Amino acid sequence: MDTQQEHVIRQVGERDVKYVRLMFVDVLGLLKSITISPMELERAFTEGVAFDGSSVEGFTRISESDMLLVPDASTFQIVPSLGSATTDPVGRMFCDVFNPDGTRSHSDPRYVLERTMERANKLGFVPYVHPEIEFYLFKMPASLEDELIPIDRGGYFDHVSGGLGNEFRRDAVRALEELGISVEYSHHEGGPGQNEIDLRSVDALSCADNFVTTRGVVEEIALSQGLMATFMPKPVIDFPGNGLHLHFSLHEGDQNAFYDPGADYHLSIVGRQFTAGLLHYAKEISAIVNQHVNSYKRLWGGDEAPAFVCWGHHNRSALIRVADHKPGIHTSTRVEYRAPDPALNPYLAFALIIEAGLQGIEQRMELTEEAEDNVWEMSDAERKAVGISALPRSLEDAIRYLEESSLVPAVLGEEAFDFVLRTRLAEWTDYRRQVTAQEKRQLLRLQ
């Protein structure tokens, strides 16, 4: 064992930890865990913990089912109680997935991102991500057919006196900080019962771990308070959708490679090329950063959701926004990618966004002219005249770009890519095989 693993074992003993959760995600981004006793921790570090990979979405075939979880000691934290009746200390760690022969599983989403981080490192960069995570809080419905009732009628930045949202955000932020996750700020978002928690910028792998943790913490606290939290992109058609605005930058040592004091918006050549690459591949990666049928009801529902491939500065209708530079704080120079929603798999999404940007840098892509006007208010002819194209309008459109992509299978690997493509096709097929209430209202004639 290395020093860090030995430190975890000492912490577990000193803090009388009763159980340790070994956490990982499947290819769709759903959180999974196995709980072990502290007595098994040393063996978990040295030998791994066996599990049936064929039972986890996208990991392996039944004939190759044996897989191993090896905990990443750097991610160890004591889990807050989150309203649980038990007070026994519980630890948690994220895990890497291995094959029985000791090789890494190429279907492990965490490994997909690690491979991309290694590629960025070879070019001299460390990718950093700062996420803005939106979610809704509803009163707990009796069934999925019931109307979703938000916990308040507040709007953007509203301080709802005596409302459940203030207390909820306070509990969530406290729990996240106990888990070692730094929160920049939290506030009420634009929709009734909608909230946002922004995490501080960290390296992309840590950010993906933090994002998965945040989703779990928010959902658990909501349940403990008799509420339902959802990261669904568009849970109510008349409310704004849940977005996941992601701020990216590349660091060279302690320097922000996106910062240039003499450039427009202080965005360096590297930052411009990264942005150009992301714009170039935006349609190809859409089925990953917006992976559900419901995702496109947010993108094409207005409310500042981006639907067109362009960039701007203060333009919040643009797909990518170059954030304002804060004087004296060079790390604030970054690009904000506004398409993703919080129902994604962060490991796969971050890997593809970073790789798209790296391609832009390596190919020295030129950044197009910025969009200064509200793109939603432009006509199709006006957008065409200035070279602004549309993002996919549905999951079916996104799948077409995914099928033709050379970037996505190269980054995800053959096994993960094939699984993603099959599941997206299956979701679209299931969606088409229904008769909606709107169709009945439109076409049925009651006597």
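The values are calculated or read from the model by the stated rules, or taken from the named source; none is laboratory data. This structure is a prediction, so every number in the text was calculated from the model and none was measured. Because the Cβ atoms are built from the backbone with ideal geometry, glycine has one as well, and the counts that use them run over all protein chains shown. The area values use the complete protein model at the heavy-atom level, side chains included, leaving out ligands, DNA and RNA. Shrake-Rupley method; radii C 1.70, N 1.55, O 1.52, S 1.80 Å.
Points worth noting:
- Tensor-based shape of the stretch 393-442 (alpha-carbon gyration tensor, a/c under 1.5 rounded, otherwise prolate or oblate): prolate
- Each peptide in 415-422, 439-446 receives the mean, over its residues, of other Cβ atoms within 10 Å, and ordering these scores from highest gives 415-422, 439-446.
- Extension gain for residue 160 to residue 11 (0.36 nm times residue separation, less C-alpha to C-alpha distance): 49.6 nm.
- The 1.4 Å probe gives accessible areas that order 281, 431, largest first, as 431, 281.
- In the stretch 260-360, Cα pairs under 8 Å separated by at least six residues give a relative contact order of 35 percent.
- Seen from every direction in turn and averaged, the convex hull around the alpha carbons of the stretch 260-339 projects onto 5.5 nm².
- For the chain, the antiparallel share of DSSP beta bridges with both residues in that region comes to about 90%.
- The chain: relative contact order in percent, alpha carbon pairs under 8 Å with at least 6 residues between: 15 percent
- Accessible surface ranking that places the most exposed of 424, 433 first, with a 1.4 angstrom probe: 433, 424
- Part-to-part distance (alpha-carbon centres) for the stretch 116-193 and the stretch 398-424, which is given in Å: 29 Å
- Relative intensity, log₁₀ I(q)/I(0), of the stretch 363-447 from a Debye sum that treats every alpha carbon as a point, q = 0.11, 0.12, 0.21, 0.22 Å⁻¹: -0.59, -0.67, -1.02, -1.04
- Inter-label distance for residue 422 and residue 380, nm, one decimal - labels placed 7 Å from Cα along Cα-to-Cβ: 3.7 nm
- Ratio of Rg to Rh over the stretch 302-365 (Cα coordinates, Kirkwood Rh, two decimals): 0.99
- Dipole in debye (nearest 20) - the chain, about Cα centre, beta carbon charges: Lys, Arg +1; Asp, Glu -1: 760 debye
- For residue 339, residues with placed amide H under 5 Å, excluding near neighbours: none
- Shape category assigned to the stretch 184-343 from the gyration tensor of Cα positions, a/c cut at 1.5: prolate
- Placing pseudo-labels 7 Å out from each Cα toward the beta carbon at residue 170 and residue 200 gives an inter-label distance of 2.2 nm.
- A 1.4 Å probe run over the stretch 79-189, with the rest of the protein chains in place, finds 48 Å² accessible per residue.
- Annotation: Cα Rg of the stretch 284-328 relative to the compact-globule expectation 2.2 N^0.38 Å equals 1.37.
- Computed FRET value (nearest 0.05) for residue 394 with residue 435, which takes r as the C-beta separation and R₀ as 22 Å: 0.80
- Cα gyration tensor shape for the stretch 302-414, rounded if a/c is under 1.5, else prolate or oblate: oblate
- For the pair residue 140 and residue 81, a Förster radius of 22 Å applied to the C-beta separation gives a FRET efficiency near 0.60, rounded to the nearest 0.05.
- Compactness of the stretch 63-220, expressed as Rg and Dmax over alpha-carbon positions, Å: 18.8, 58
- 10 °C / 1.306 mPa s Stokes-Einstein diffusion coefficient of the chain, Kirkwood radius on C-alpha pairs, µm²/s: 69 µm²/s
- Accessible surface of the chain, 1.4 Å probe, proportion on carbon and sulfur as whole %: 48 percent
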